[in-house]
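Structure record follows, encoded as C-alpha cells.
Readers should treat all values here as calculations from the given coordinates under stated rules, not as data from a laboratory. On a predicted model such as this, the values are computed, not experimentally measured, just so you know. We place every Cβ from the backbone using ideal geometry, glycine too, and count neighbours over all the protein chains shown.
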Amino acid sequence: MSRLFPAPLLSAALFVLWLLLNLSVSPGNILLAAGLALFAPLLLAPLRPQHAHVRRPWTIAKLIGRVGYDVIHSNLQVAVKVLTLHANPPRSVFVHIPLDLRDTHGLAALSMITTVVPGTVWSELALDRSMLLLHVFHLEDEAAFIEHFKRVYERPLMEIFE
C-alpha cells in the first residue's frame, strides 16, 4: 500500500484541494482529483527529503509563540524606523552568524523564521553549513543580536530536530 501511496496525507490533501479549488464534485473533477492524488506523490517521491524526526512538542509550541511575538514586535520596530528615517536613519548591516545547527529540516525552519520576521533576510549559507550571512535592517549591537538569534531560534531548533 505504501508503494501506491508513498504520502497518504499528501494524496488526501491534493484530492480535497483539487475539489475545493474547482468548486465542483462532478465525476470529471473527482476523476482528475483522484489521478492527481495518485500520480503526483508517485512522481515527486524521489524529490522528497529524508523523514524528519521531530522531538519536544512543548519546545515547538514555545518557538511558534516566540516567532509570533517577534513578528509583531519587529513589525512595530521596522514601522517606527521607517517613519523616522530622516531623524534617525537605520544602521543596516550584514551579520555573520556561526551555526551549530546542521540538520536540513532545522535549517529550513530557520530560513523560514528569518523570512517571516521583518527586518531580517537570510542572505547566504556557507557550503559546510557552519556560517549564516543575515542582513539586518537596523542593528545596534551585533554581539547581542548573534547571542539572541542563537538562543531564541537556533537552540530550540536543535532541541527539536537533533
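Mean-square fluctuations from a GNM of the chain, with a 10 angstrom spring cutoff on Cα atoms, peak among 104, 84, 120 at 84.
Computed from phi, the 3J(HN,Hα) profile of segment 24-30 under the Karplus parametrisation 6.51, -1.76, 1.60 (θ = phi - 60°) reads 8, 10, 5, x, x, 5, 5 Hz, with x in place of Gly and Pro. The value of relative contact order for the chain, using C-alpha pairs under 8 Å at least six residues apart, is 24 percent. Panel order for 54, 152, by other beta carbons found within 10 Å of each beta carbon, from fewest to most: 54, 152.
Computed over the chain with a Gaussian network model linking Cα atoms closer than 10 Å, the most mobile of 134, 101, 17 is 17. Placing one equal scatterer on every Cα of segment 8-47 and applying the Debye formula, the log10 ratio I(q)/I(0) at q = 0.34 Å⁻¹ is -1.10. Cβ crowding within 10 Å, taken as a proxy for footprinting-reagent exposure, orders 153, 69 from fewest neighbours to most as 69, 153.
Computed over the chain with a Gaussian network model linking Cα atoms closer than 10 Å, the most mobile of 53, 105, 135 is 53.
Projecting label points 7 angstrom from Cα along Cα→Cβ for residue 141 and residue 61 puts them 3.2 nm apart.
Below 11 angstrom from the Cβ of residue 59, what's the summed charge of the other residues (Lys, Arg +1; Asp, Glu -1)?
Details: positive: 55, 56, 62, 66, 155; negative: 159.
My count for the surroundings of residue 59 gives +4.
Percentage of Cα-Cα pair distances in the chain greater than 21 Å, rounded to whole percent? Numbers along the way, then the final one.
On the way: 7943 of 13041 pairs.
For the chain, the fraction of Cα-Cα distances above 21 Å is 61 percent.
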